[in-house]
Amino acid sequence: MRRIYMDNAATTPTDVGVIETMNPYYTLKYGNPNSVHFFGQETRDAVEKARIQVAHLIGATAREIIFTGGGTEADNHAIKGIAWANQKKGNHIITTKIEHHAVLHACNFLEKHGFRVTYLPVDKFGLIDPEDVKKAITEKTILISVMHANNEIGTVEPIKEIGKIAKEAEIYFHTDSVQTVGHIPIDVNDLGVDMLSMSGHKFYGPNGVGALFLKKGTKIVPLIDGGGQEKNRRAGTENVAGIVGMAKAAELAEKRMLKGEEVKIIKLRDKLITGVMKNIEHVRLNGHPTRRLPGNINLCFEFIEGESMLLSLDMKGVAASSGSACTSGSLEASHVLLAIGLPPEIAHGSLRLTLGKENTEEDVNYVVNVLPGIIKKLRELSPFQGKWEGIN
Ligand code: PLP
């Protein structure tokens, strides 16, 4: 059966070039980068070269990059690290209702330890109003954390505007850029952020490796205690192969962006959206029409369950997701779709298709052709059957 992968926001296939770059670090170049001998110096050199490459992708300097075990760790490190380091200054954090659970649950944890968190609302497109950020600031505010782009609905947030507000108020500003790094050009200085999280497996690098950009001069308490690695900011022997692989993925992403390859993905995305909306009734596009991640499509089909759509699509060879990858499997409606104002029964009928560099026009045509039949069948089986007929 033909298999089509349209779940690139959950994870991307590791690039062949990345794997080739990583392989010697499992077989020949296995020294601990903290060892003084040749084997150690060889891998130390590789880690430091990788740091320069990763920094380059986001306009940072190498010293400002801390390697982590992924995006979740980078988010936790930024949020808890700033909170612990600044608890004498204040205990208030501002974030949004649509953050990834890596941010939301880190904030929930801090609430149990004396911190107060404001979760800002978003509009119907999932956009944060920078004025709301400004209004939420108090003299106790120590951190603002707003994601660069939402992983479910793809909305790209006004980070630069919020960066200016944070700078004026002298408050640390963190952005979760896990879904944007390697997909849209990023310059940390232009965005005005003090911290930025990224994750290798979201841009064709390996799983389990990420990085936190920490602007020069920003002090945070380490999340992990142990040895003095990463200049005492993240203990533990470095994941050399993973780090080298993420750096290669960063280099390849830069090349793709220079060539404007995301335009091809945007065209496929728009073709899929138009094709589905034209052929199926009672469907809505979630997220912003233009301020949107290149590969993100998030649709709500009224009167059906997202999970049943996923299973039917899987039987036709199409891999997609409903809500975020981390919440699928649970029957709770997505917090992001509820935050943009969808009633739970509509939010339950969501389907996320996320395109990547490997997707083709044939993939899009296949999904556009196969989806109407699936939706029709599921609606016939739906307890809402009849209710939707005649609704426009
Ligand atoms: N933040 C966002 C916006 C994400 O989409 C994800 C992963 O889905 C994460 C954080 C967590 O990243 P990781 O899987 O590398 O821990």
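Determine, from the Cβ-Cβ distance of GLU254 and LYS112 and an R0 of 56 Å, the FRET efficiency 1/(1 + (r/R0)^6), rounded to the nearest 0.05. Efficiency, rounded to the nearest 0.05: 0.85. For segment 262-309, a Kirkwood hydrodynamic radius built from all Cα pairs, placed in the Stokes-Einstein relation at 25 °C and 0.890 mPa s, yields a translational diffusion coefficient of 212 µm²/s.
Can you give the alpha-carbon Rg of segment 9-51 over 2.2 N^0.38 Å, where N counts its residues? The value comes to 1.37.
What are the semi-axes of the equivalent ellipsoid of segment 141-241, taken as the square roots of 5 times the eigenvalues of the Cα gyration tensor, listed largest first and rounded to whole Å?
Numbers: eigenvalues 111, 78, 20 Å².
Its equivalent ellipsoid spans semi-axes of 24, 20, 10 Å.
When Rg and Dmax are taken over the Cα atoms of segment 1-126, they come to 19.8, 60 Å.
Relative to the Cα centre, the charge distribution of the chain, modelled as +1 at Lys and Arg Cβ and -1 at Asp and Glu Cβ, gives a dipole magnitude of about 440 debye. Placing unit charges on the Cβ atoms only, positive for Lys and Arg and negative for Asp and Glu, gives segment 207-277 a dipole magnitude near 260 debye about its Cα centre.
Normalised size of the chain, defined as Cα radius of gyration per 2.2 N^0.38 Å with N residues, equals 1.02.
The calculated P(r) of segment 213-303, using every Cα pair and 10 Å bins from 0, goes 13, 25, 21, 22, 15, 4 in percent.
Rounded to the nearest 10 degrees, the angle from helix 306-315 to the longest Cα principal axis of the chain is 90 degrees.
May I ask you to compute the full-extension gain from LYS97 to LYS164, defined as 0.36 nm times their residue separation minus their alpha-carbon distance, rounded to one decimal in nm?
Details: separation 67, 0.36 × 67 = 24.12 nm, distance 2.11 nm.
Extending this stretch completely gives an extra 22.0 nm.
In this calculation the C-beta distance from LYS219 to LEU28 is compared with R0 = 41 Å, giving a FRET efficiency of 0.60. Each of PHE301, LEU272, PRO206 was placed along the dipole of the chain (beta-carbon charges, centred on the mean Cα), and the one lying farthest toward the positive end is PRO206. Pairs exceeding 26 Å between alpha-carbon atoms, taken from LYS124/LYS267; LYS167/LYS219; LYS97/LYS357; LYS202/LYS264: LYS97/LYS357.
Estimated from the Cβ-Cβ distance and a Förster radius of 25 angstrom, the FRET efficiency linking LYS135 and ASP190 is about 0.50.
Given the options LEU351, PHE38, MET147, identify the residue whose Cα lies farthest towards the positive end of the charge dipole of the chain (+1 on Cβ of Lys, Arg; -1 on Cβ of Asp, Glu). Highest projection toward the positive end goes to PHE38. The orientation-averaged projection of the convex hull spanning the C-alpha atoms of segment 160-217 amounts to 4.1 square nanometres. Listed by chain and number, the lysines whose alpha-carbon sits under 20 Å from that of LYS49, ignoring those within fewer than 8 places in the same chain, are LYS29, LYS215, LYS216, LYS231, LYS248, LYS255.
In terms of other Cβ atoms within 10 Å, ARG3, ARG256, ARG379 run from fewest to most in the order ARG3, ARG256, ARG379.
Coordinate-derived values only; no laboratory data. Here the structure is a predicted model, which means the values were calculated and not measured. Backbone-built Cβ (ideal geometry, glycine too); neighbour counts: all protein chains shown.
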